[in-house]
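Written out below as structure tokens is the structure these notes cover.
The values are calculated or read from the model by the stated rules, or taken from the named source; none is laboratory data. Just so we're clear, the structure is a prediction, and the values are computed from it rather than from any experiment. Because the Cβ atoms are built from the backbone with ideal geometry, glycine has one as well, and the counts that use them run over all protein chains shown. Only protein heavy atoms, including side chains, enter the accessible area calculation; ligands, DNA and RNA are left aside. Shrake-Rupley method; radii C 1.70, N 1.55, O 1.52, S 1.80 Å.
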Amino acid sequence: QVQLVESGGGLVQPGGSLRLSCAASGSIFSIVSMGWYRQAAGKQRELVATVSPNGITNYADSVKGRFTISRDNAKKTVFLQMNSLKPEDTAVYYCKAGINGMNYWGKGTLVTVSS
């Protein structure tokens, strides 16, 4: 059974940094796009960033220049380095990956940006 497990969330002050990780496990034959989405309280889930198997990245305008997505294909892991965090970045962050021809989601990790 394929699973995605996120880690790295927590409480950080405005201007601070966090690094999220998402590891895929199970019977995995292929992984295509991997990405991060987030959902703030009372809002719809939105795209944060995606990365293709060969490293092509895509970012939401709201995080460009502050967040960096990367992946380690050997470890089946995707990362999200978040710098210059703002209170409006507060949300549950979800990992998504296309694995074996299907889309899988992690359960999410909470990021709170507050002083």
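Structure notes:
- Cross-chain or 6+ apart pairs with Cβ under 7 Å, the stretch 42-54 first and more than 16 Å from S21 (Cβ to Cβ), then open to solvent by less than 60 Å² (accessible area, probe 1.4 Å) and not in a strand (DSSP E or B): E46/A60; L47/A60
- Residues being small (G, A, S) and over 14 Å from W105 (Cβ atoms) are represented in the stretch 43-51 by at least one member.
- In the stretch 1-25, the qualifying residues are those that are assigned to a loop (DSSP other than H, G, I, E, B) and touching a residue at least 60 places away in the same chain (Cβ under 8 Å), and the one that is most open to solvent (accessible area, probe 1.4 Å) is Q13.
- Residue satisfying all of: in the stretch 26-55; open to solvent by 70 Å² or more (accessible area, probe 1.4 Å) and of a type in the set (K, R); farthest from the chain's Cα centre (by Cα) among these: K43
- For the stretch 1-49, the tally of residues that are of a type outside the set (G, A, S) and more than 22 Å from V113 (Cβ to Cβ) stands at 10.
- When K96, K64 are checked against the criterion of being surrounded by 14 or more Cβ atoms within 10 Å (Cβ to Cβ) and either under 18 Å from E6 (Cβ atoms) or modelled with pLDDT of 95 or more (or both), K96 stands alone in meeting it.
- Some residue of the stretch 30-52 being closer than 13 Å to Q3 by Cα, part of a loop (DSSP other than H, G, I, E, B) and modelled with pLDDT of 95 or more: no
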